[in-house]
Ligand code: NAD
């Protein structure tokens, strides 16, 4: 089979550059396009040079239409507004769209689900095997432990991250809520400040730390009476998310339209 032709959007970003590098190092995939937004200094530069792998002959441009028309898939770790737009263009082109962007609103999610009626979309707040396995373990633990065990989710990321709690923290919160058969939105506590009163039984709390160059650390704490269980994951290299995205793209190639998760890709569903 021919290599899968992939477009990297957000090619000038931290994840975009990592994606370009990992695609060039992976079998069965080729970077055929690179896109970023108007006004970014990297427009016109070679995506391979930006990624530190040498010239690929793929310049970063701002126009997705001609590139999507000739590609098999899109790797997208950008910002919510851009991702929703790319989902619509990928749907028109009937090509796989791999979405790693976090901070999406319910409205964004609806538009992405609508696009998934026309093309396969794999969307996950975390593309690593470890975190997706962690989510399965969290769901099991939450199911096994009664609400006397308070669930708290702690995350830390680098100083430039713009959304909070992280997409991964929310994913872990949803896994815990599913295990407990409750709705996360009705039980999540995103911030505490001042005289908050005692903790409510059954709440799922989130705490966010930001600083330095931390790539992503998550802990789910089950705090009971006299014992605490802690399940954690530490990412030390963002290449792991890019490898997951490439795996997702190859999995989604020629798959029927639909909205899929990394758990589907990894067979953890
Ligand atoms: P970044 O700011 O370094 O990169 C984002 C890039 O998107 C920038 O180059 C920006 O110019 C570009 N962009 C913005 N608007 C655009 C548009 N309209 N068209 C094209 N490009 C546009 O951020 P990052 O650290 O690379 O993270 C990007 C996203 O990926 C964030 O939402 C982050 O939380 C998420 N992320 C997800 C995972 C995962 O496994 N799902 C892992 C790491 C990061």
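The values are calculated or read from the model by the stated rules, or taken from the named source; none is laboratory data. None of these values were measured; they are calculated from a predicted model. All Cβ positions, glycine included, derive from the backbone under ideal geometry; neighbour counts span all protein chains shown.
Being more than 7 Å from the ligand (Cβ to nearest atom), within 17 Å of the chain's Cα centre (by Cα) and surrounded by 17 or more Cβ atoms within 10 Å (Cβ to Cβ) is the filter here, so list the residues in the range 77-107 that pass it.
Result: 80, 83, 84, 86, 87, 96, 97, 98, 99, 104.
Restricting attention to the range 111-159, which residues are assigned to a strand (DSSP E or B), within 13 Å of the ligand (Cβ to nearest atom) and farther than 19 Å from residue 259 by Cβ?
155, 157, listed by residue number.
Taking helices (runs of 4 or more DSSP H) that do not extend beyond the range 160-253, which have at least 2 residues that are free of Cβ contacts under 8 Å to residues at least 60 places away in the same chain and crowded, with 19+ Cβ neighbours inside 10 Å?
Per the criteria, 167-180.
Quick grid of which residues meet (1) more than 16 Å from the chain's Cα centre (by Cα); (2) closer than 21 Å to residue 100 by Cα; (3) at pLDDT below 95:
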| position | (1), (2), (3) |
| --- | --- |
| 126 | no, yes, yes |
| 144 | yes, no, no |
| 150 | yes, no, no |
| 173 | no, yes, no |
| 194 | yes, no, no |
| 203 | yes, no, no |
| 223 | yes, no, no |
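Only residues that are free of Cβ contacts under 8 Å to residues at least 60 places away in the same chain and either buried (at least 23 other Cβ atoms within 10 Å of the Cβ) or closer than 18 Å to residue 7 by Cα (or both): list them for the range 108-119, please.
Of everything in the range 108-119, just one residue is free of Cβ contacts under 8 Å to residues at least 60 places away in the same chain and either buried (at least 23 other Cβ atoms within 10 Å of the Cβ) or closer than 18 Å to residue 7 by Cα (or both), namely 115.
Condition first: crowded, with 22+ Cβ neighbours inside 10 Å and either free of Cβ contacts under 8 Å to residues at least 12 places away in the same chain or within 9 Å of the ligand (Cβ to nearest atom) (or both). Now tell me which residues in the range 61-76 satisfy that.
76
Since residue 22 meets every condition but one in (1) away from the ligand (no atom under 14 Å from the Cβ); (2) closer than 27 Å to residue 255 by Cβ, which condition does it not meet?
(1)
Being without any contact (Cβ under 8 Å) to a residue 40 or more places away in the chain and outside any loop (DSSP other than H, G, I, E, B) narrows it down to one residue among 18, 30; which is it?
None of the other options fit; the residue is 30.
Of the conditions (1) within 15 Å of the ligand (Cβ to nearest atom); (2) in a helix (DSSP H, G or I); (3) over 27 Å from residue 2 (Cα atoms), residue 43 clears all except one; give me its number.
Here residue 43 meets the rest and fails (2).
Working only within the range 74-99, note down all residues that are out of contact with any helix residue (DSSP H, G or I) (no Cβ under 6 Å at 6 or more places or on another chain) and assigned to a loop (DSSP other than H, G, I, E, B).
Of everything in the range 74-99, those that are out of contact with any helix residue (DSSP H, G or I) (no Cβ under 6 Å at 6 or more places or on another chain) and assigned to a loop (DSSP other than H, G, I, E, B) turn out to be 78, 79, 94, 95.
Look through the range 3-15, keep the residues that are in a strand (DSSP E or B) and buried (at least 19 other Cβ atoms within 10 Å of the Cβ), and return whichever of them is nearest to the ligand (Cβ to nearest atom).
Taking the candidates together, the pick is 9.
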